[in-house]
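One structure is given here, and the rest of the page talks about it.
The values are calculated or read from the model by the stated rules, or taken from the named source; none is laboratory data. Please read all numbers here as calculations on a predicted model, not as lab measurements. Cβ sites come from the backbone with ideal geometry, for glycine too, and all protein chains shown count toward neighbours.
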Amino acid sequence: MINQQLLNPQSIVVVGGSDDIHKPGGKVLKNLLDGDFKGDLYVSNPKMDEVQGVKSYKDINALPEVDCAIIAIAAKFCPKTVEILAKEKKTRAFIILSAGFSEENEEGAELERQVVDTINSVNGCLIGPNCVGVLNPNYNGVFTTPIPSLDPKGVDFISGSGATAVFIMESGVTKGLNFASVYSVGNSAQMGVEEVLEYLDESFDPETSSKVKLLYIENIDKPEKLLKHASSLIRKGCKIAAVKSGGSEAGSRAASSHTGALASSDVAVDALFRKAGIVRCKGRDELATVACIFMHPELKGKRIAIITHAGGPAVMLTDALSNNGLDVPHIEGPKADALLEKLFAGSSVGNPIDFLATGTAEQLGDIIDAVDNDFDDIDGMAVIFGSPGLFQVYDVYDLLHEKMKTAKKPIYPILPSVINVKDEIEQFIAKGRINFPDEVIFGEALAKIYHTEKPQAENVEIPEVDVPAIRAVVDKAENGYLDTDSIHALMDAAGIERAHEAVSSNEDELVEMAKKLGFPLVMKVVGPVHKSDVGGVTLNVNDEATVRSEFKRMMQIKDTYAVMLAQQLSGTEVFIGAKREDKFGHMVLCGLGGIFIEVLKDVKAGLAPISEDEAGKMIKSLKSYKIIQGVRGQEPVNEAKFAEAISRVSALCKAAPEIFEMDFNPLLGNKDNVVAVDARIRIEK
């Protein structure tokens, strides 16, 4: 667990400190000195008595007791060094910058295990190895630049990659983003992204803690911990955005070669982030942009006014917002006419509000006041104002700064002239403001934030299922696909509606079963996995003669050992599936069923357990949702029943974690019910 010796050490030793500031040991020492570290600072270097003006101990055994060690020496020397510091110098916080550990080879992994075992034996804390360090208002424990402006109300940033941490900080700093702390966890040998987030959650103080957290993750090793503490922080009023790289097969290989991380299923990551309420970003600049939006007042609706003196960026921003589900509503009426009278001829207030390249600071103020007070159908405003380089715009940005203090609606400044008015933008940022230099990245990021759901409830309510009956089936089952009777028993125990069926390998017996079930019926082969592909499905069986003829035909199909009869129901084909994903538990998926599942690939996934409310949101987020609602006279699917079935499937997965994969495809949904007509369940213990 993170301790006070790491957060606010009273003494620090740089092991491997150097006069060469182009080496990690030299640069981190310089950063500590430049940051005016208030505690006692030591260096350990076997060849020098003084390094950068700091006393150096040639023998680490001669060091006094020290809270925190920042280590920048070869990996092979780290285990012994850590042992001396931990056991003789009472060091309880370690930041190991050195590479050459588990990310490299098994020999390095063994060195890493030795280091972790020693630190654990004294209840110490380790960041790294193979990291760039830790940065907070107490000390600059990193060997990189830039050192961003540190503010307790800035952003807490945790990164699984040191270089990427630097690039994300650079992206944020140039926009005016402040940081509260930075943790580069490297190999996460003891403390990973999840553990740092756990600390930020458990130590959260609404008065003093940062309310914005950024994550760059290459491997989600403990998804339950991440879900628990991310959703907890968001429920406490925080906002979290993350990049999870390595989602593609090629990206997984790249992530593995970089940090030894094994990428998890991208669908599972999406489901986890959605459940937690984390805004998922595609890359560094989007992550920094989302963080910058987080630093503004929250957007309460999706209707945006675009205020501009340049037509092109306004059009591109309109596209970015509209294409991502936000609105740029038309503005008209007497108050719009009154505003137009204050602007130069040729201006437009229809939205975008274009007050021309000749527009003044005073006119911008009039527009902001009107949008803030007169137009109730606007929830926020984006102000685009750059310069062709003909004149200075200090007055415009000063006015923008003042209006942002008093406006009731959030104002997002898009100042694209980063060269022509560089000085004015720097002055604007120096006042604590943020600039969004690219309108399209801003628009897409704003929409992504707006559409990110709040986290799941702390205690997920799922339907009750008959756990003893489920366990009775699963405990006696062998690995592989279950037989029909076992599948039916699990469905009944979980309360999943199913069509009534009968199975037999005897023709006369099957005929009697058909009479009891009633026509029309569906006949299916039992044995082959893909029944349709082998001609093993017959619909609209309406009489005894057809039962007999189809039985004879089907029993000749390869691998068939019986024939199934099922009531033929009508409705829209939908799908529910489940798959156990390593470390994440079960993903439950839903979408249109039948052949559409393969053709459209329009599915949404959630992580079990899934409440009926969450299931309903999954259904509504499908691209094919209009079909489920019923279009052009088609009967709709009962959404409540569909959501209940999804939730019950998730409850079945929680009761039987041995289920490896499960398909209910199709289920037939109509206005009254959703009923499974075919199912496969595979057990892997």
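Points worth noting:
- Members of segment 570-579 found to be of a type in the set (D, E, K, R) and either over 12 Å from Val267 (Cα atoms) or part of a helix (DSSP H, G or I) (or both), listed by number: Glu573
- Whichever residue in segment 130-141 is farther than 17 Å from Tyr216 by Cα and of a type outside the set (Ser, Thr, Tyr) and, among such residues, is surrounded by the fewest Cβ atoms within 10 Å (Cβ to Cβ): Pro137
- Qualifying positions in segment 151-170 - within 30 Å of Thr118 (Cβ to Cβ) and free of Cβ contacts under 8 Å to residues at least 40 places away in the same chain: Gly162, Ala163, Val166
- Matching residues, segment 317-361, being on the phi > 0 side of the Ramachandran plot and of a type in the set (A, V, I, L, M, F, W, C): Leu356
- Evaluated against (1) more than 19 Å from Thr358 (Cβ to Cβ); (2) touching a Gly at 6+ places or on another chain (Cβ under 7 Å); (3) not hydroxyl-bearing (Ser, Thr, Tyr), Asp423 falls short on exactly one condition, (2).
- Close Cβ contacts (under 7 Å, 6 or more residues apart or on different chains) running from residues in segment 325-349 that are modelled with pLDDT of 95 or more to residues that are outside any loop (DSSP other than H, G, I, E, B) and basic (Lys, Arg) comprise Asp327/Arg303; Pro329/Arg303.
- Selection count, segment 584-613, where residues are assigned to a helix (DSSP H, G or I), among the aliphatic types (A, V, I, L, M) and over 15 Å from Met662 (Cβ atoms): 1
- Unique match (being under 20 Å from Ala163 (Cβ atoms) and modelled with pLDDT of 75 or more) among Ala254, Ala242: Ala242
- Those strands (runs of 3 or more DSSP E) of segment 60-133 in which 1 or more residues are farther than 27 Å from Lys47 by Cα and of a type outside the set (D, E, K, R) occupy 125-127.
- Residue ID - surrounded by the most Cβ atoms within 10 Å (Cβ to Cβ), chosen from residues in segment 551-564 that are of a type in the set (D, E, K, R) and in a loop (DSSP other than H, G, I, E, B): Asp559
- When segment 623-666 is limited to residues that are touching a residue at least 24 places away in the same chain (Cβ under 8 Å) and of a type in the set (Ser, Thr, Tyr), the one that is surrounded by the most Cβ atoms within 10 Å (Cβ to Cβ) turns out to be Ser650.
- Number of residues in segment 1-16 that are over 12 Å from Val196 (Cα atoms) and either of a type in the set (Val, Ile, Thr) or touching a Ser or Thr at 6+ places or on another chain (Cβ under 6 Å) (or both) equals 4.
- Restricted to segment 493-550, and to residues there that are among the acidic types (Asp, Glu) and under 52 Å from the mean Cα position of the chain (by Cα), the residue that is surrounded by the fewest Cβ atoms within 10 Å (Cβ to Cβ) is Asp533.
For every residue, the table says whether it meets (1) on the phi > 0 side of the Ramachandran plot; (2) touching a residue at least 60 places away in the same chain (Cβ under 8 Å).
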position	(1), (2)
Gly172	no, yes
Leu177	no, yes
Ser184	no, no
Ser188	yes, no
Val196	no, yes
Pro206	no, no
Glu218	no, no
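- Residue, nearest to Leu321 (Cα to Cα), within segment 457-480, restricted to residues that are touching a strand residue (DSSP E or B) at 6+ places or on another chain (Cβ under 9 Å) and surrounded by 15 or more Cβ atoms within 10 Å (Cβ to Cβ): Val474
- Ile368 vs. criteria hydrophobic (A, V, I, L, M, F, W, C), assigned to a loop (DSSP other than H, G, I, E, B), at pLDDT 95 or above and assigned by TED's automatic domain parsing to the domain that holds Asn420: no
- Screening segment 134-153 for residues that are in a strand (DSSP E or B) and modelled with pLDDT of 95 or more and picking the one that is farthest from Asp34 (Cα to Cα) gives Val134.
- Residue check for Ala655: among the hydrophobic types (A, V, I, L, M, F, W, C) and closer than 30 Å to Gly633 by Cα: no
- The listed residue being in a loop (DSSP other than H, G, I, E, B) and at pLDDT below 95, out of Asp205, Asp221: Asp221
- Some residue of segment 502-524 being outside the structural domain of Asp379 (by TED's automatic domain parsing), outside any helix (DSSP H, G or I) and basic (Lys, Arg): yes
- When Phe436, Phe442 are screened for being within 34 Å of the chain's Cα centre (by Cα), in a helix (DSSP H, G or I) and surrounded by 20 or more Cβ atoms within 10 Å (Cβ to Cβ), only Phe442 passes.
- Pairs where the first residue, in segment 377-401, is in a loop (DSSP other than H, G, I, E, B) and the second is basic (Lys, Arg), C-beta under 8 Å, 6+ apart: Asp377/Arg303; Ile378/Arg303; Ile378/Lys409; Asp379/Lys300; Asp379/Lys302; Asp379/Arg303; Asp379/Lys409
- Of everything in segment 82-135 that is farther than 24 Å from Asp156 by Cβ and of a type in the set (Lys, Arg), the residue that is nearest to the chain's Cα centre (by Cα) is Arg113.
- Among the residues making up segment 49-84, those that are under 21 Å from Lys30 (Cβ atoms) and without any contact (Cβ under 8 Å) to a residue 12 or more places away in the chain are Asp49, Glu50.
- In segment 444-461, of all residues being aliphatic (A, V, I, L, M) and at pLDDT 95 or above, the one that is farthest from Ala291 (Cα to Cα) corresponds to Ala447.
- Within segment 579-614, considering residues that are within 20 Å of the chain's Cα centre (by Cα) and aliphatic (A, V, I, L, M), the one surrounded by the most Cβ atoms within 10 Å (Cβ to Cβ): Ile610
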